[in-house]
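Q: Okay, here's the structure, questions in a sec.
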């Protein structure tokens, strides 16, 4: 049985926008475009073979932090993660505004 969280400090190049991301052991998404990659079953274990790109589809406030909701574009899995201090706030605002626009159109 794998631990629920495994800290792994890894740098990576974002496959969505091409930015070189310096990992801190908790980094799971690009701070520029907020996309992620579906590589974990439990955070940090790198044991998921899917490898699909995870699109940021939603964001919400919970327990004094913003959370990003990602959906895998390959298998459809949905996962959530806390924002990081260096995340792009304009990108986060885009996600929130997109959600608000969708809700307004349903009334």
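The values are calculated or read from the model by the stated rules, or taken from the named source; none is laboratory data. As the structure is a computational prediction, the values presented were derived from the model and not from experiment. All Cβ positions, glycine included, derive from the backbone under ideal geometry; neighbour counts span all protein chains shown.
Q: Looking at 57, 68, which one is under 14 Å from residue 30 (Cβ atoms), touching a helix residue (DSSP H, G or I) at 6+ places or on another chain (Cβ under 8 Å) and part of a strand (DSSP E or B)?
A: Only one candidate passes the filter, namely 68.
Q: For residue 9, state whether it is more than 10 Å from the chain's Cα centre (by Cα) and closer than 24 Å to residue 101 by Cα.
A: Against the criterion (more than 10 Å from the chain's Cα centre (by Cα) and closer than 24 Å to residue 101 by Cα), residue 9 does not qualify.
Q: I've got another one for you. In the list 89, 61, which residue meets the criterion of being surrounded by fewer than 13 Cβ atoms within 10 Å (Cβ to Cβ), within 14 Å of the chain's Cα centre (by Cα) and free of Cβ contacts under 8 Å to residues at least 12 places away in the same chain?
A: 89
Q: Determine which single condition residue 88 fails, assuming it passes every other condition in (1) at pLDDT 95 or above; (2) touching a strand residue (DSSP E or B) at 6+ places or on another chain (Cβ under 9 Å).
A: (2)
Q: Residues of region 7-45 being surrounded by 13 or more Cβ atoms within 10 Å (Cβ to Cβ), without any contact (Cβ under 8 Å) to a residue 60 or more places away in the chain and on the phi > 0 side of the Ramachandran plot, which ones?
A: The one that is surrounded by 13 or more Cβ atoms within 10 Å (Cβ to Cβ), without any contact (Cβ under 8 Å) to a residue 60 or more places away in the chain and on the phi > 0 side of the Ramachandran plot: 44.
Q: With under 19 Å from residue 87 (Cβ atoms), at pLDDT 95 or above and in a loop (DSSP other than H, G, I, E, B) as the only criterion, which of 23, 18 stands out?
A: 18
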